[in-house]
Amino acid sequence: MSLEIARIHINSLYFPDQSKPALKNINLVINEGDFIAITGSPASGKSVLLHCITGAVPKYYDSKLNGTITIRGLSERTSISDNSGIIGYMMQEPQSQIVYEDVYDDVAFGPGNLCLEKNEIDSRVHKCLKLVGIDYLIHNNVKELSGGQAQRVVLAGVLALGSGFLLLDQPTAELDPAGRKDIYGALGELCHDKKLTICMIMDKSHEVLRYATRILEMDNGTIINELSPKEYLEKLKSNKQPPRIKKRMKSGELHGETIAELKGVTYRYKNGNIGCENIDFSIKNGEFVAIVGTNGSGKTTLAKIVDGLILPTEGELRLFGTTICKKSKIKIRNDIGFLFQNPDNQIFNDTLKNEIAFSLRIKGVTEDEISTKTDDALKKVGLIEYKDAHPQKLSRGQRQLLAIGCILASDCSLIVADEPTSGLDEFQSSLVMDHLFDLNQNGKTILFISHDLSIVRHYAERIVVMHNHCIILDMPSSSLNDYLLELKEIGLDFEDILE
Amino acid sequence: MSLMPEYDKNNTLVEFIDPRTKALWMITVIFLSFFSDNILEMIVIFLLIPISSVLLKQKLSNYKNVVPILAIIASQLIVLQILFCRQGEISYSWWIINIYDQALPLAAVGIVRASTIVLACMQFLSLTSPIDMQLLLMKFKIPYKYATLAALGLRFMPVIEDEFGVILESQRARGIKIESVWDKIRSLPSVSLPLLYRSMRWSRDTALSMELRGFGKYPNHTFMKSLNLNLWDILSSVIMTFSILIVIIL
């Protein structure tokens, strides 16, 4: 019989000023060697559950917990740091969890706090960095790392604590497909060989299903289903809709004039690094185009150029028939919407309705129209019931939907989205992508970057592949099967586990 | 735009010097600039900072972003001295305003002194890594927990600056005009509030992450690095201490 690691019994958990409990009726036993993946709709309580296990709720988040959480037989702990060495926790945003500037120092921070011997710390740092595949970055400055690399540093730091129980909140959200495969492979191996216990919130990658032992589905603050990976896969397959793009292509819709054109475009950053090089690319009105590529291949730079946010250092950029320079880029701003990876960079108003209204005021929409358009946009993204709530009280997925709401209301003809589903789970990702798809159906042009190849396959009608800052492939998604091998060679494996 | 020059860990010369020596250098330069009233002497003391930076293979362009701030301080000092200085003879008089001939030399002294203090502090921060700063503070008997906070401040200052840049870009992409100074003032809430929310979220996540990594579990911490004064550090510290003593005695 397996050793019991944690027993979670929660009758209810209330946050102040909220009538509905954030968590309710949860009875969960986690045994040694379990690999549990949690999935569910936005604000279903997944992250709150992990926070409860760590003790951050109620210490960091004011709340009233009715229930007991027992970790390794102990239900009472005086401080959260008592859990170090027992629980390792990794949150979504890597940069906020990195304490020191140097990769080595940061990974050594946890074992250093446990006052281990220097030799032991050194050996743990080397071992953990190797395990997450970034031992070659051991003496790098964390500022030089990509999002995916930073995520691996945090994971190495958590593993270096030597705790047998890991809680991970979407640990591969910022990684490219090859990176995800490596990380899940390593975690699965640890779980199997070293009896490590893992409880993680699933991102939209299905890769974790190869290693998970149990899948928990959450909704409305409670666990509604406990499935084996096989059962969950069956369920996913039966729920899987046919690729939406195919439906559209059948309708025989033709695309209009070219709205963005890049000729021989190169962008160099001030420090001399190349963002993208010698790009020839155009996008026609009504297209739904995906840009894919590994971390650091130049996708975001290209998207920012198409949006007019940065101007090429070489070559020509034409948007809506106008050659873009410093002066003209302000004029085209109203026609283009940019959806950033992180909605928190934009949101600042005190209610959802004011946030959307602000987007409309910038564009000179009259006050009479603002009210109608705001309600309309909030209804479309399913947030109308929260229209007077503070955006910071929403979950990350809901805040991303709010950012989409702002774009919906703004009525831009070209929408550029930089990894719009990053940090979201499968359900939330579908919601976001379906909204973009609907916008496209209504004549808007969509250009999106994604690491999620199943999403690209499902929605995009044209796929642009970037590698080493250049476009190496530009093809209709119907030709994707002809290039699977070449794409796999550069770390883009389109073979979805669901297929 | 980064206000603070970044610490370059690949600079072996900088790594070689003990942070206590770097701190003493900063103190010496500031001290000398306070003890001198001669503008030429003060300029020489000021020049010690860029010269030492060049010798330590630091880029002088690192300091360029602080020039507008120093220009604002300089203009304030000139105006204050013109209005309120009462030393020397009256060289110009208009209505109730009397300008004395010592106003501008005194303003110049103030400007050079202020510039020396700012640049010396910036140089010290750019020569000291967060972990070195922590170890330095602990050498001065600051408890480990509080010394870690100083290291965190150094680590997160450039991160918050970068974050500010991303927020500016996001709001521009949204259509907010942030070009002229007036635009920037008008758009202050749309830029500062997301930064505030982000910073609050970050500080909570950082605190939680640190606690779960054992921060505060024990009063001590095993550091992989320790501070050791080498012969060069000892020699230069002696010279700097002597120069301070000589200035005090004379």
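The values are calculated or read from the model by the stated rules, or taken from the named source; none is laboratory data. Note that the structure is predicted; figures quoted are calculated from it, not measured. Note that each Cβ is placed from the backbone with ideal geometry, even for glycine, and that neighbours are counted across all protein chains shown. Remember, those area values only see protein heavy atoms, side chains included, never the ligands or the DNA or RNA. Shrake-Rupley method; radii C 1.70, N 1.55, O 1.52, S 1.80 Å.
Being among the aliphatic types (A, V, I, L, M), within 8 Å of chain B (Cβ to nearest Cβ) and surrounded by fewer than 24 Cβ atoms within 10 Å (Cβ to Cβ) is the filter here, so list the residues in the stretch A:74-89 that pass it.
Of everything in the stretch A:74-89, just one residue is among the aliphatic types (A, V, I, L, M), within 8 Å of chain B (Cβ to nearest Cβ) and surrounded by fewer than 24 Cβ atoms within 10 Å (Cβ to Cβ), namely A:I80.
Every residue, every condition in (1) free of Cβ contacts under 8 Å to residues at least 40 places away in the same chain; (2) open to solvent by 20 Å² or more (accessible area, probe 1.4 Å); (3) away from every other protein chain (no Cβ under 11 Å), yes or no:
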residue	(1), (2), (3)
B:A114	no, yes, yes
B:K141	yes, yes, yes
B:P158	no, no, no
B:Q171	yes, no, no
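Consider B:L195 against the criteria (1) surrounded by fewer than 16 Cβ atoms within 10 Å (Cβ to Cβ); (2) farther than 20 Å from A:S79 by Cβ: it satisfies all of them except one. Which criterion is unmet?
(1)
May I ask you to list pairs of residues, at least six apart or on different chains, whose Cβ atoms are under 8 Å apart, with the first in the stretch A:446-465 being in contact (Cβ under 8 Å) with a residue 24 or more places away in the chain and more than 21 Å from A:F427 (Cβ to Cβ) and the second being open to solvent by 10 Å² or more (accessible area, probe 1.4 Å) and of a type in the set (A, V, I, L, M)?
Qualifying pairs under 8 Å: A:E461/A:M249; A:I463/A:L473; A:V464/A:I471; A:V464/A:L473; A:V465/A:I471; A:V465/A:I472; A:V465/A:L473; A:V465/A:I490.
At least 1 residues that are closer than 23 Å to A:L233 by Cα and open to solvent by 40 Å² or more (accessible area, probe 1.4 Å) in each: list the helices (runs of 4 or more DSSP H) lying fully within the stretch A:104-220 that qualify.
Because the criterion is at least 1 residues that are closer than 23 Å to A:L233 by Cα and open to solvent by 40 Å² or more (accessible area, probe 1.4 Å), the helices (runs of 4 or more DSSP H) in the stretch A:104-220 that meet it are A:177-193.
Give the stretch A:299-338 a look and list any residue that's open to solvent by less than 50 Å² (accessible area, probe 1.4 Å), within 9 Å of chain B (Cβ to nearest Cβ) and farther than 22 Å from A:K270 by Cβ, or say none.
Residues satisfying the conditions are A:R333, A:I336, A:G337.
Give me the pairs, please: first residue somewhere in the stretch B:5-34 and under 13 Å from B:L56 (Cβ atoms), second residue anywhere and of a type in the set (A, V, I, L, M) and open to solvent by 70 Å² or more (accessible area, probe 1.4 Å), beta-carbon distance under 9 Å, and either six or more positions apart or on two chains.
Pairs that qualify, where the first residue is under 13 Å from B:L56 (Cβ atoms) and the partner is of a type in the set (A, V, I, L, M) and open to solvent by 70 Å² or more (accessible area, probe 1.4 Å), are B:L13/B:L55; B:T21/B:L229; B:T21/B:I234.
Is the stretch B:121-133 home to any residue that is within 11 Å of chain A (Cβ to nearest Cβ), more than 17 Å from the chain's Cα centre (by Cα) and either part of a helix (DSSP H, G or I) or free of Cβ contacts under 8 Å to residues at least 60 places away in the same chain (or both)?
Yes, that holds for at least one residue.
Assigned to a loop (DSSP other than H, G, I, E, B), among the basic types (K, R) and assigned by TED's automatic domain parsing to the domain that holds B:T116 - does that describe any residue in the stretch B:13-23?
no
Residue check, A:T70 against (1) polar (S, T, N, Q); (2) open to solvent by 10 Å² or more (accessible area, probe 1.4 Å); (3) free of Cβ contacts under 8 Å to residues at least 60 places away in the same chain, all met but one. Which one?
Of (1) polar (S, T, N, Q); (2) open to solvent by 10 Å² or more (accessible area, probe 1.4 Å); (3) free of Cβ contacts under 8 Å to residues at least 60 places away in the same chain, only one is false for A:T70: (3).
Taking the condition within 30 Å of B:D162 (Cβ to Cβ) and open to solvent by 40 Å² or more (accessible area, probe 1.4 Å), does B:W25 pass? If you could, list the steps in order and put the result at the bottom.
Values: within 30 Å of B:D162 (Cβ to Cβ): yes; open to solvent by 40 Å² or more (accessible area, probe 1.4 Å): yes.
For B:W25, the condition - within 30 Å of B:D162 (Cβ to Cβ) and open to solvent by 40 Å² or more (accessible area, probe 1.4 Å) - is met.
Just to be sure, is B:R204 free of Cβ contacts under 8 Å to residues at least 24 places away in the same chain, facing chain A (nearest Cβ under 7 Å) and in a helix (DSSP H, G or I)?
So B:R204 fits the description; yes.
So, of the residues in the stretch A:21-39 that are under 27 Å from the mean Cα position of the chain (by Cα) and open to solvent by 10 Å² or more (accessible area, probe 1.4 Å), which turns out to be nearest to A:A212 (Cα to Cα)?
In this case the residue turns out to be A:D34.
With respect to the numbered conditions (1) part of a helix (DSSP H, G or I); (2) open to solvent by 90 Å² or more (accessible area, probe 1.4 Å), which one is the sole condition not fulfilled by B:I244?
B:I244 satisfies every listed condition except (2).
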